[in-house]
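What follows is a set of notes on a single structure, which appears directly below.
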Amino acid sequence: MELQKLLPQVRAAVIESGELIREAWDKPRKVRYKGRIDLVTETDVAVEHDIKNRLAKILPEASFLAEESAADEPLNDLTWVIDPIDGTTNFAHQVPFVCSSVGLWHKDRIVLGVINTPIMNECFYAAAGGGAWCNEKQISVTRNKQIEHSLVATGFPYTIAEDADEITDRLRRVLKESQGVRRLGAAALDLAYLAAGRFDAFYEKGLKPWDTAAGWLLVNEAGGWVTEYDAATDFSLYSPTLLATNTLLHAQMAQLM
């Protein structure tokens, strides 16, 4: 598979699908709830359908694992892993931290990733071995070695009501040691921002494969490191926790976890 030839086609497809998000931005939302605080809009469904149609033309032999239509299907040897709108709650409230995330799983790893932010006009993308990029510019993680000078991102799972004590205890530790903590509400974007050197570290529990597939590759290609909270445990798409850093801060962040 020639990833460097495939990447521009996939990038264009995801950007073109992002026009559906832009077109819907100022229109009324039709929202339904999948859980107490887990919502989906008609735009999520429309974007997923559009992206899948475009990707099927690029790589007809690949299957799909997408948030709104195939949440329980297993990964095959060649699978697109898709979140049509990461940050749906942001989208519903017109907060611009909204992105589409597409990763390509090949055999045992993610080999291609695209994260597009249609409202902010940034597209982050990577192919295995080709570095990480944003809008034609190569990006890389920070070189910060001190946690007290670090900006850390996190997110809260849909199980926040049940896990509030654990999550706030961990957040308290990070707040005390770091320069600050940010919560964008879109894990794919958190990972893209880490790859671009805007965050020094990111952690969250309870993420799904479509939240992390593209961003995992972006961070690795930008010189970062992704594990579970226990840094001795390699990250996988089905890991219960995720810790991503610029590599230099990984041991310090893992201690706080």
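The values are calculated or read from the model by the stated rules, or taken from the named source; none is laboratory data. As the structure is a computational prediction, the values presented were derived from the model and not from experiment. With ideal geometry, Cβ positions are generated from the backbone for all residues, glycine too; neighbour counts draw on all protein chains shown.
With respect to the conditions (1) without any contact (Cβ under 8 Å) to a residue 24 or more places away in the chain; (2) in contact with a His (Cβ under 7 Å, 6 or more places away or on another chain), PHE235 lacks only one, and its number is (2). The number of residues in the stretch 148-199 that are β-branched (Val, Ile, Thr) and over 23 Å from THR89 (Cα atoms) comes to 1.
Here's the yes/no breakdown for (1) in contact with a Phe, Trp or Tyr (Cβ under 9 Å, 6 or more places away or on another chain); (2) not acidic (Asp, Glu):
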residue	(1), (2)
VAL114	yes, yes
ASN121	no, yes
LYS137	no, yes
LYS145	no, yes
PRO157	no, yes
ALA161	no, yes
GLU166	no, no
ASP169	no, no
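Filtered by the rule that a residue be under 19 Å from the mean Cα position of the chain (by Cα) and assigned to a strand (DSSP E or B), the stretch 138-187 gives GLN138, ILE139, LEU151, VAL152, ALA153, THR154, VAL181, ARG182. Within the stretch 46-99, restricting attention to residues that are of a type in the set (Phe, Trp, Tyr) and part of a strand (DSSP E or B), the residue that is modelled with the lowest pLDDT is PHE64. The set of residues from the stretch 221-257 being surrounded by 22 or more Cβ atoms within 10 Å (Cβ to Cβ) and either outside the structural domain of GLY197 (by TED's automatic domain parsing) or part of a helix (DSSP H, G or I) (or both) comprises GLU221, MET253.
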